[in-house]
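The values are calculated or read from the model by the stated rules, or taken from the named source; none is laboratory data. Remember, predicted model here, so these are calculated numbers, not experimental data. Methodologically, a virtual Cβ is constructed for each residue, glycine included, from the backbone with ideal geometry; neighbour enumeration extends over all protein chains shown.
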Amino acid sequence: MAVLELKNVKKYYKMPGGGQYEALRGVSAKFNAGEMVAIVGESGSGKSTLMNTIGGLDSDFEGEILYEGKNLRDFSKAEMVNYHKKSIGFIFQNFNLIPHLDLIDNVSIAMTLSNIDESVRRERAKELLKKVGLEEHMYKKPDQLSGGQKQRVAIARALVNDPDVIIADEPTGALDAETTDVILNMIREIAVEGKLVLMVTHSDKVASHCSRVLRIDQGQIISDQEQVKLEHKQESREEIQVHNMNMWKAVKLAFKNMKAKLGRNALVSTGMGIGIMSVILMLSLGKGVTSYVSDQMNTYSNPLVTEVHKNTTAKARSQSMSAMQQNNSASVAKARQQGISSLTGTSSASAFSDKDLKKLKKIKHVSKIQKGFTALSLGGNQVTFKKKSASVIYLNTVNNSIAKSEVKKGRLPKSGSNEIMIDSGTADTLSKKLLGKTVKAKLQLGTKTITKKFKVVGLYESASSAGQMSTLFLTYKDLKKLFKDNGSTLKANVVYLTSSDKKYTSDIKAAVKDKGFSGSMQEQMTEMFDSILNVLTYVLTAIAAVSLVVSAIMILVVLNISVVERTQEIGVMKALGARRKDIRRIFSSEAFLLGLASGIVGVVLTGLLSLAINHFTQSAFDAAVVTMTPQYAAIGVVVSVVISMIAGILPSNHASKLDPIDALRKE
Ligand code: ADP
Ligand code: MG
């Protein structure tokens with residue numbers, strides 16, 4: 001039985017302006033194993049068209065092509081892939097070697113596509129390179145070879161899966177006369193070993209070396225002559241099992257290509273890495289600042305206690321601002337007075353009325369409500385001990401929110417015995433042993449200033465660095481009496497609510513705000529911090545979003561360029577039996593690798609940047625504000641890979657759908 005049989009094969013090409021061009025007009029022929037057939041004809045006579053059709057690269061033809069009696073038209077997809085991989089070996093005029101692979105990889109690419117083990121592949125490739133006399137060059141890249149050497153590599157590649165048919169389309173067309181002889185002898189050797197060789201040529205001299213000459217003109221066979229019979233040697237045939245290429249091999253191929261375009265890929269990865277960096281930084285900064293703030297919150301006070309202020313400080317401030325804008329000296333003076341009195345705690349607006357207290361008492365889970373007074377003095381409060389004086393900024397009442405750990409030495413003052421607690425910083429400036437001693441204190445009570453002796457029973461040290469301000473504490477009861485003795489009344493300007501359980505504290509804080517009161521100064525600061533963080537997060541999110549979109553486009557463009565650059569390579573791979581899936585996999589692997597590299601670049605950049613930021617904030621606030629966790633790094637890498645793979649879908653699909661004939665025609 002003939003290896004190949006053509007029955008009335010016709011091929012039409014569609015013309016750009018409509019209509020058809022008949023490139024093959026009913027070609028019929030039989031070809032047997034061991035034949036070396038020269039296909040001769042003028043340029044444009046249809047030789048390449050015939051070869052591509054026989055080779056299964058073009059299935060859009062009329063008539064029948066039988067391979068070992070089986071109609072190509074009836075081949076399943078898998079059978080067609082096998083036909084490419086095992087039955088047909090292509091040799092092209094312009095070699096079509098893959099530029100970024102070394103000779104071994106070029107020769108064994110068909111085996112890679114067949115999922116054959118690396119060691120077997122290399123062994124076989126070396127053996128074939130030796131056969132074509134190139135074993136010394138096997139680690140070179142194609143562009144380091146001469147034309148004749150390249151064609152020898154291409155011959156080795158065509159033979160690697162031990163096919164039955166070799167199709168060579170003008171294999172010597174690009175070679176000089178001397179090299180032509182070498183290549184021809186090699187191809188002849190293939191036929192001598194028992195394979196069917198179909199070789200297109202222009203040259204009659206070349207044709208004279210063949211066992212049969214088929215002349216074609218305008219898509220028809222015009223003569224078919226048997227010449228010398230070849231003497232056959234029987235070669236022992238190797239049975240090569242072909243399978244489908246797996247993902248890992250696709251990744252490896254992609255990796256080799258990426259290495260060849262290292263500079264470009266490094267640039268793209270850096271670009272995308274910056275986008276990924278903003279994602280990770282955003283998450284890490286959010287986490288770092290939040291935990292810093294909540295750390296501060298927790299050290300400030302007793303977690304059961306909520307400090308409540310009247311919502312006046314902000315109001316007073318905005319009033320004075322608007323008064324200044326009005327440029328009315330009377331209202332400026334009034335507003336300034338209000339601002340000061342609200343700070344010093346003596347404004348009537350900051351005092352709690354009975355109605356306010358009732359409202360607060362009604363909040364759920366409040367087990368205790370304690371009145372307090374806190375005032376900022378502008379130089380009016382002073383403590384004197386043995387001729388040394390220190391001014392005290394805050395006058396405060398003893399309250400439930402003071403944590404036990406904040407009383408560094410001694411105890412809290414008790415009512416009725418003129419006891420006070422002062423912060424340890426102020427105490428130290430007066431004497432190292434102030435605890436238990438009696439000091440003279442000048443205190444500003446509303447509009448009056450009094451001087452009185454007190455016993456220091458406790459030294460206070462705020463748990464937070466922001467709370468280190470000179471403060472004098474006495475009980476509310478004592479302070480109330482002091483006011484009364486001096487002809488005025490003390491009105492609470494702060495209230496402490498104790499929760500029946502820690503878990504209700506946040507509900508109470510929320511309820512306090514609901515009812516129109518505000519929290520402690522620290523809480524207000526935290527809120528401010530939070531809103532700054534929010535703005536920062538928005539900015540970073542915007543940067544991240546924009547740069548990720550840009551990166552996605554960049555990757556799309558780069559992969560598209562890669563597809564265009566490698567059109568020929570894609571054509572070769574398809575001719576060697578690569579499925580669409582395989583091509584798609586190679587390009588999506590590239591997208592994957594680009595994404596992975598970008599993700600890693602992003603993680604490294606974030607790491608470096610967070611070191612710098614933390615170094616700065618460490619010295620500014622004594623805290624690291626960027627906390628990059630392994631999870632955030634992982635999220636960054638995953639986001640990068642996902643975006644990159646999405647961007648890679650279009651180019652990969654485009655590559656997989658390229659027509660191998662078009663792809664191979666491209667120079
Ligand atoms: P040869 O290899 O003998 O030089 P080809 O088989 O390449 O010739 O081409 C045969 C004829 O078919 C030529 O006239 C060519 O212009 C035409 N042809 C080849 N490919 C196409 C195509 N894709 N679209 C339209 N016409 C084509
Ligand atoms: Mg041609």
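Quick notes
Here's the yes/no breakdown for (1) of a type in the set (Asp, Glu); (2) over 26 Å from Lys408 (Cβ atoms):
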| position | (1), (2) |
| --- | --- |
| Lys442 | no, no |
| Thr447 | no, yes |
| Val457 | no, no |
| Glu461 | yes, no |
| Leu479 | no, no |
| Tyr496 | no, no |
| Ser500 | no, yes |
| Lys503 | no, yes |
| Lys513 | no, yes |
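Listed here are the residues, each with its yes/no results for (1) within 16 Å of ligand 2 (Cβ to nearest atom); (2) more than 30 Å from Leu128 (Cβ to Cβ); (3) part of a loop (DSSP other than H, G, I, E, B).
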{"residue": "Ile190", "(1), (2), (3)": "no, no, no"}
{"residue": "Lys205", "(1), (2), (3)": "no, no, no"}
{"residue": "Ser223", "(1), (2), (3)": "no, yes, no"}
{"residue": "Lys229", "(1), (2), (3)": "no, no, yes"}
{"residue": "His232", "(1), (2), (3)": "no, no, yes"}
{"residue": "Gln241", "(1), (2), (3)": "no, no, yes"}
{"residue": "Asn244", "(1), (2), (3)": "no, no, yes"}
{"residue": "Phe255", "(1), (2), (3)": "no, no, no"}
{"residue": "Met258", "(1), (2), (3)": "no, no, no"}
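- Residues in the range 42-88 that are over 46 Å from the mean Cα position of the chain (by Cα), within 16 Å of ligand 1 (Cβ to nearest atom) and of a type in the set (Asp, Glu): Glu42, Glu62.
- All conditions but one from (1) more than 19 Å from Ala663 (Cα to Cα); (2) touching a residue at least 24 places away in the same chain (Cβ under 8 Å) apply to Gln20; the one that does not is (2).
- Test result for Lys513, assigned by TED's automatic domain parsing to the domain that holds Phe473, under 15 Å from Leu357 (Cα atoms) and free of Cβ contacts under 8 Å to residues at least 40 places away in the same chain: yes
- Scanning the range 47-67 for residues that are away from ligand 2 (no atom under 16 Å from the Cβ) and free of Cβ contacts under 8 Å to residues at least 60 places away in the same chain turns up Gly56, Ser59, Asp60, Phe61, Glu62, Gly63, Glu64.
- Check on Gln151, touching a Ser or Thr at 6+ places or on another chain (Cβ under 8 Å), away from ligand 1 (no atom under 16 Å from the Cβ) and closer than 16 Å to Asn94 by Cα: yes
- Which listed residue is farther than 22 Å from Lys86 by Cβ, hydroxyl-bearing (Ser, Thr, Tyr) and more than 16 Å from ligand 2 (Cβ to nearest atom), from Thr201, Thr180: Thr180
- In the range 378-389, the residue that is nearest to Thr447 (Cα to Cα) out of those that are surrounded by 15 or more Cβ atoms within 10 Å (Cβ to Cβ) and touching a Leu at 6+ places or on another chain (Cβ under 6 Å) is Asn381.
- Within the set Ala38, Ala29, the sole residue that is away from ligand 2 (no atom under 16 Å from the Cβ) and under 29 Å from Lys85 (Cα atoms) turns out to be Ala29.
- Those residues of the range 518-535 which are at pLDDT below 75 and of a type in the set (Ser, Thr, Tyr), in sequence order: Thr526
- Failed criterion for Asn614 (all others in (1) farther than 13 Å from Ala655 by Cα; (2) within 21 Å of the chain's Cα centre (by Cα) hold): (2)
- Remark: pairs (first residue in the range 213-232, aliphatic (A, V, I, L, M); second residue more than 16 Å from ligand 2 (Cβ to nearest atom) and not in a strand (DSSP E or B); Cβ separation under 8 Å; 6+ apart in sequence or on different chains) = Val213/Gln227; Val228/Ser211; Leu230/Gly34; Leu230/Glu35; Leu230/Arg188; Leu230/Ala191; Leu230/Val192; Leu230/Ser211.
- The strands (runs of 3 or more DSSP E) found wholly in the range 425-509 and carrying at least 2 residues that are surrounded by fewer than 21 Cβ atoms within 10 Å (Cβ to Cβ) and not acidic (Asp, Glu) occupy 438-445, 448-460.
- Scanning the range 42-88 for residues that are of a type in the set (A, V, I, L, M) and exposed (fewer than 15 other Cβ atoms within 10 Å of the Cβ) gives a single hit, Ala78.
- Test: residue in the range 162-185 that is on the phi > 0 side of the Ramachandran plot, in contact with a His (Cβ under 8 Å, 6 or more places away or on another chain) and within 16 Å of ligand 1 (Cβ to nearest atom): yes
- Hey, Ile91 buried (at least 16 other Cβ atoms within 10 Å of the Cβ), of a type outside the set (S, T, N, Q), within 30 Å of Lys261 (Cβ to Cβ) and within 16 Å of ligand 1 (Cβ to nearest atom) or not: yes
- Among the conditions (1) out of contact with any Leu (no Cβ under 8 Å at 6 or more places or on another chain); (2) surrounded by fewer than 18 Cβ atoms within 10 Å (Cβ to Cβ); (3) modelled with pLDDT under 95, the only one that Asn32 does not satisfy is (1).
- Restricting attention to the range 219-247, the residues being touching a Ser or Thr at 6+ places or on another chain (Cβ under 9 Å) and either modelled with pLDDT of 90 or more or within 30 Å of Gly26 (Cα to Cα) (or both) number 8.
- Just one of the listed residues (Gly44, Gly19) is at pLDDT below 95 and more than 16 Å from ligand 2 (Cβ to nearest atom), and it is Gly19.
- Among residues of the range 261-280 that are touching a residue at least 60 places away in the same chain (Cβ under 8 Å), those with a beta-carbon under 8 Å from a residue that is outside any helix (DSSP H, G or I) at least six positions away or on a different chain give the pairs Lys261/His100; Ile280/Met628.
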